[in-house]
1. Out of all the residues in the stretch 66-73, is one or more within 21 Å of ASN131 (Cα to Cα), part of a strand (DSSP E or B) and either among the small types (Gly, Ala, Ser) or at pLDDT 95 or above (or both)?
2. Within the stretch 74-100, track down each residue that is under 14 Å from the mean Cα position of the chain (by Cα) and either assigned to a strand (DSSP E or B) or in contact (Cβ under 8 Å) with a residue 40 or more places away in the chain (or both).
3. How many residues does the stretch 89-134 hold that are of a type in the set (Val, Ile, Thr), crowded, with 17+ Cβ neighbours inside 10 Å and in contact with a Phe, Trp or Tyr (Cβ under 9 Å, 6 or more places away or on another chain)?
4. Could you list all residues from the stretch 93-134 that are under 18 Å from PHE82 (Cα atoms) and among the small types (Gly, Ala, Ser)?
5. Given the conditions (1) over 13 Å from ASP64 (Cα atoms); (2) surrounded by fewer than 16 Cβ atoms within 10 Å (Cβ to Cβ), which single one is not true for LEU86?
Amino acid sequence: MAIILLNYFVKRILKTTYCIFYRIPTHRSPLTLEFSILNLRHNFFIVLCLTLSCLASAQCSDFDAKLEADKAAQDLMSGKTFKSALILKTHLPSKRKEVASYVYVKTDDLYYTVYSLVNSQCQAKIIKRTNGKH
């Protein structure tokens, strides 16, 4: 949707700037031409805001965060996950996600819950783990 809007605004900006710079005669009053220049500035501002919002919201998706947390938990415990991970909390200023992974270790015959923090670059860091349960 954002790409369609971006394409629409870019076409309008290019058309307006082409008419202004090459002085194509238009059957408009000077007031209308001034309004189109203001409209050009408005469209440029919208395109700029859309572009910056896409760049600013770059963070690790929930699915990727769960995969990375499961991988880190399996490496730590040397077991297999028996249930899909859950995102418990998203820390707002840093956009880090707190993820719970559930691991079964066959050698101990125990089930563990491993908690980890996943940052915006999808790098998981283990916080803690629970004691094993049967």
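1. The answer is no, given that none of the residues of the stretch 66-73 is within 21 Å of ASN131 (Cα to Cα), part of a strand (DSSP E or B) and either among the small types (Gly, Ala, Ser) or at pLDDT 95 or above (or both).
2. THR90, LYS97
3. Within the stretch 89-134, residues that are of a type in the set (Val, Ile, Thr), crowded, with 17+ Cβ neighbours inside 10 Å and in contact with a Phe, Trp or Tyr (Cβ under 9 Å, 6 or more places away or on another chain) number 4.
4. Scanning the stretch 93-134 gives ALA100, SER101, SER116, GLY132.
5. (1)
The values are calculated or read from the model by the stated rules, or taken from the named source; none is laboratory data. What you see is a predicted model; the values in this text were computed from it and never measured. Cβ sites come from the backbone with ideal geometry, for glycine too, and all protein chains shown count toward neighbours.
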